[in-house]
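Student: This structure is in structure tokens; I'll ask about it shortly.
The values are calculated or read from the model by the stated rules, or taken from the named source; none is laboratory data. A quick note: this is a predicted structure, and the numbers were derived from the prediction, not measured. Methodologically, a virtual Cβ is constructed for each residue, glycine included, from the backbone with ideal geometry; neighbour enumeration extends over all protein chains shown. Just so you know, the surface numbers come from the protein's heavy atoms only, side chains and all, with ligands and any DNA or RNA stripped out. Shrake-Rupley method; radii C 1.70, N 1.55, O 1.52, S 1.80 Å.
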Amino acid sequence: MKKVMMVVVAFLSFCIFLPDVDAKEADGTIPFELQGKALEEIQSRAEYLNVASSNIELRYVRELYHTDDTVIGYYVHIYEGDKIVGYALISAKESLGTLLEWGAVDNGVDTHYGEILAGNPHQKAFYLTFNDIVFADNLNDLNKILEEAKQKYIEYAKEYEPNNINFYEEMNFGINLSEASIEQNIIEQQIQSGTLMTQEISDFSISERDSDTLTNDISTLATLPDTLSVSRIWQRQSGVANPNSSCGPAVGVMIANYYRNVRGITEVRNSDYYGNDAKHINQMYYMMNSYFWGTNQYSFHNGLETQLNLNKNQFTAKSRAYNQSGVEVPTFANVQNAINKKYPLGVIEFLNASSGELRYHWTVIAAYNSKGEVGYYDSDGGQNNSGLKFVSWSSLNGKIGYTYLALN
């Protein structure tokens, strides 16, 4: 059922906050002060959305819940006139910042969360982290779903990652609000000072566990996204042999094509070498030893490094992860350091409960900005899901690992 909401006139740039007439019913409304703050934040990103900020309207879709059954955010569509141009997830938790996620949509269709939320209007939508929304009738049902998902990861670890069983046994789905709040405060303090100090970064080498230290001076954050020219590739395009489990290989292809086509490193084999993107994905699938459930980080790390060094040994893979014993965890400073060095990062989500099956999902981070957000491309989500999307570090904290290829 659809509900008519009260139209609220905002005080910023003649914009208004409306219910999305295409959205399904959701209880509750967004607090007035938060509406204005979110609108101001989105207006500051209008250049990325390719719209005039004075024409932006935000249209409410529905509220999303945290694993403690409190509201964690409000999902909205961004309109210019009658055309949907983007989406945003407005944080209901002050400690997590104002926006948890935002991005442009292609061809007026929200393939990010819009279609998922519209497809299940009756159950509560629980936001665990980016790309992971679980529907349940109540908190008890949610906990049952999460426990079943957890057991699948534990069983997987027993066979494939016996050294990391403790990580999966102790893991919790959903954003750790206290830890995310601490990380967010650190980032905000660095933003206020105008600089982000990148500490010495010691990224582990999975194949040999050797440490490599990269140092970086104080770097001033850009107001607009500092973005690498990575071209998004769809993992389910015609000719891909294993479309359901090719997110890792597709991300590997994006990275390989970037080094060859953008940075001009001629020894790297790109999609032209293999004939097209699909054939390149199939080659990467083989090199990464991918399987029906996807590609683990060990295989991604070694497979991508081997693939990019086929013609000349000039890359070393660097990784950080939350599920590796004794390994340092990713930080926002790490991502900034890699992007500044023009190294796109393959990012893996370890803990995903939305699919109902054990799943590793890979995306590629190609940008960061002065808001403490990272920009990524998703190889899945439909053929037209090609836009660069941004997510707050608060939504990633504790849930991801990354791998990038550094030049020797």
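Student: What is the calculated FRET efficiency for E159 to T306, with r their C-beta to C-beta distance and R₀ = 22 Å, to the nearest 0.05?
Tutor: 0.40
Student: Evaluate E = 1/(1 + (r/R0)^6) for E94 and N276, where r is the Cβ-Cβ distance and R0 equals 45 Å; express this FRET efficiency to the nearest 0.05.
Tutor: Efficiency for this residue pair is about 0.40.
Student: Calculate one ³J(HN,Hα) per residue across the stretch 70-79 by plugging θ = phi - 60° into the Karplus curve 6.51 cos²θ - 1.76 cosθ + 1.60, and present them in order as whole Hz with x for glycine and proline.
Tutor: 9, 5, 9, x, 10, 8, 9, 9, 9, 10
Student: Let me test this: with uniform point scatterers at the alpha carbons of the stretch 269-349, what is the Debye-based log₁₀ I(q)/I(0) at q = 0.27 1/Å?
Tutor: Cα-only, vacuum Debye calculation for the stretch 269-349: -1.36.
Student: Okay, moving on. Post the alpha-carbon centroid distance, the stretch 150-189 to the stretch 277-346, in whole angstrom.
Tutor: Between the Cα centre of the stretch 150-189 and that of the stretch 277-346, the gap is 20 Å.
Student: Quick one: what are the phi-derived ³J(HN,Hα) couplings along the stretch 106-115, Karplus 6.51/-1.76/1.60 with θ = phi - 60°, whole Hz, x for glycine and proline?
Tutor: 3J(HN,Hα) across the stretch 106-115, in whole Hz: 9, 6, x, 10, 8, 8, 6, 10, x, 5.
Student: Would you mind calculating the gained length between N172 and A241 on full extension (0.36 nm times residue separation, minus the Cα-Cα distance), in nm to one decimal? Mind showing how you got there, number by number?
Tutor: On the way: separation 69, 0.36 × 69 = 24.84 nm, distance 3.37 nm.
The span from N172 to A241 would gain 21.5 nm if fully extended.
Student: Still on this structure, I have one more. Over 24 Å between C-alpha atoms is what I'm after, so list which of K312/K389; K37/K399; K341/K371 land there.
Tutor: Distance filter (> 24 Å) returns K312/K389; K37/K399.
Student: Express in nm, to one decimal, how much length is gained between N340 and A118 on full extension, taking 0.36 nm for each residue of separation and deducting their alpha carbon distance.
Tutor: 76.1 nm is the gain from fully extending N340 to A118.
Student: Can you give the accessible area per residue of the stretch 253-408, in Å², using a 1.4 Å probe?
Tutor: Ligands and nucleic acids excluded, the result is 31 Å² per residue.
Student: Another question, if that's okay. Taking only the alpha-carbon positions of the stretch 25-75 and ignoring solvent, what does the Debye formula give for the base-10 log of I(q)/I(0) at q = 0.28 Å⁻¹?
Tutor: Results for the stretch 25-75 at q = 0.28 Å⁻¹ read -1.09.
Student: Moving on to the next point. Around L407, what is the net charge, scoring Lys/Arg as +1 and Asp/Glu as -1 over all other residues with Cβ under 10 Å from its Cβ?
Tutor: Values: positive: R263, K341, K342; negative: none.
Here the count lands on +3.
Student: On to the next question. Leaving out ligands, DNA and RNA, and with a 1.4 Å probe, what % of the accessible surface on the stretch 245-402 is carbon or sulfur?
Tutor: On the way: 1940 of 4620 Å².
The nonpolar share, carbon plus sulfur, comes to 42 percent.
Student: With a bin width of 10 angstrom, please list the P(r) values of the stretch 58-145 as percents of all Cα-Cα pairs, from the 0 bin to the one holding the largest distance.
Tutor: With 10 Å bins starting at 0, P(r) equals 17, 50, 28, 5, 0.
Student: Related question: For the stretch 343-408, would you read off the P(r) tail past 15 Å as a percentage of all alpha carbon pairs?
Tutor: 58
Student: So who's got an amide H within less than 5 Å of the one on H361, skipping anything under 5 residues away but keeping other chains? H placed 1.01 Å off N, in plane.
Tutor: E349
Student: Roll a 1.4 angstrom probe over the protein heavy atoms and tell me the percent of accessible area of the stretch 18-144 that is carbon or sulfur. Could the numbers behind the result be given before it?
Tutor: Working: 2200 of 4940 Å².
Accessible surface attributable to carbon and sulfur in the stretch 18-144 totals 45 percent.
Student: Any chance you could check the Cα centroid distance between the stretch 358-408 and the stretch 73-139 for me, in angstrom?
Tutor: If you average the Cα positions of each part, the centres end up 17 Å apart.
Student: Would you pull out the residues with amide H under 5 Å of G86's amide H, same chain only if 5 or more places away, H placed 1.01 Å from N?
Tutor: It is I78, V105, by chain and number.
Student: Check E101: other-chain or 5+ apart residues with amide H under 5 Å from its amide H, H built from backbone geometry?
Tutor: The answer is L89, S392.
Student: Next question, about the same structure. In the stretch 272-408, if every C-alpha pair distance is counted and binned at 10 Å from zero, what percent goes to each bin?
Tutor: For the stretch 272-408, the binned pair fractions read 11, 40, 39, 10, 0 percent.
Student: Something else about it: In whole Hz and in residue order, list the ³J(HN,Hα) couplings for the stretch 181-188 that follow from phi through the Karplus curve 6.51 cos²θ - 1.76 cosθ + 1.60, θ = phi - 60°; x for Gly and Pro.
Tutor: Working through the residues one at a time gives 5, 4, 5, 5, 5, 4, 5, 5 Hz.
Student: Counting Lys +1, Arg +1, Asp -1, Glu -1, what net charge surrounds Y74 among other residues with beta carbon under 10 Å of its beta carbon? Walk me through the numbers on the way to the answer.
Tutor: Working: positive: R62; negative: E63.
So the surrounding residues net to 0.
Student: Eight or more residues apart or on different chains, and alpha-carbon atoms under 23 Å: count the Lys pairs in the stretch 61-162 matching that. Walk me through the numbers on the way to the answer.
Tutor: Values: K93/K124; K124/K144; K124/K150; K144/K152; K144/K158; K150/K158.
Within the stretch 61-162, the lysine pair count is 6.
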